[in-house]
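Scroll down for the structure; my scribbles are underneath it.
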Amino acid sequence: EVKCIHAGHLIGVENRLALPKDFVAPAPRTDARFAFVTGLNSLCFLPESQHQTFEYFDAQRPGYHSYRPIANYGHLDIFIGKNAAHDVFPVILEELAKPA
């Protein structure tokens, strides 16, 4: 949606009552820890957008979430890439092992 692009983040459109008008105005309503693992070559979800989302979550709860960019990997490459088991899976396992 063009309105979201201009706002720089998700916003409600079409006045749908079930959706907030601004998705980032209130703090996240979860205690879940997020690990943003992204391939730096991703063209599907740009690494910068993942980093901005991490920064938003980190501002809400500093030091709790993580951002793990992976060089030389695209979107799904981090799961099915030729060397993903060696390059990426240890990063994912490390994040999963962190206490919530």
field: region 9-49 pair-distance distribution - Cα-Cα, 5 Å bins, rounded %
entry: 5, 18, 16, 17, 22, 17, 6, 1
Dipole magnitude of region 33-88, debye to nearest 20 (Cβ charges: Lys/Arg +1, Asp/Glu -1, about Cα centre): 160
- prompt: At a probe radius of 1.4 Å, what is the per-residue accessible area of L19, in Å² to the nearest 10?
  reply: 80
message: Helix 47-60 against the longest principal axis of the chain: what's the angle in degrees, Cα atoms only, rounded to the nearest 10?
response: 70
Under 9 Å, Cβ to Cβ, from R68 - net charge with Lys/Arg +1 and Asp/Glu -1: -2
- request: Could you please state how large a percent of the accessible area of the chain is carbon and sulfur, counting protein chains only and using a 1.4 Å probe?
  value: 59
statement: One quarter of the C-alpha convex hull surface, i.e. the mean projected area of the chain in nm², amounts to 7.5
- line: Put K98, K21, K82 in order of accessible area, largest first, probe 1.4 Å, and you get K82, K21, K98
- prompt: Once you charge only the Cβ atoms, +1 for Lys and Arg and -1 for Asp and Glu, what is the size of the charge dipole of the chain about its Cα centre, to the nearest 20 debye?
  reply: 200
statement: Per residue, accessible area of region 1-92 with a 1.4 Å probe, heavy atoms of protein chains only, in Å², comes to 71
statement: Among F34, Y56, C44, the residue whose Cα sits farthest towards the positive end of the charge dipole of region 30-100 (+1 at Cβ of Lys and Arg, -1 at Cβ of Asp and Glu, taken about the Cα centre) is F34
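The values are calculated or read from the model by the stated rules, or taken from the named source; none is laboratory data. No experiment lies behind these values; they were computed from the predicted model shown. As a convention, Cβ positions derive from the backbone with ideal geometry for all residues, glycine included, and neighbour counts pool all protein chains shown. Calculation scope for accessible area: heavy atoms of the full protein, side chains included, ligands and nucleic acids excluded. Shrake-Rupley method; radii C 1.70, N 1.55, O 1.52, S 1.80 Å.
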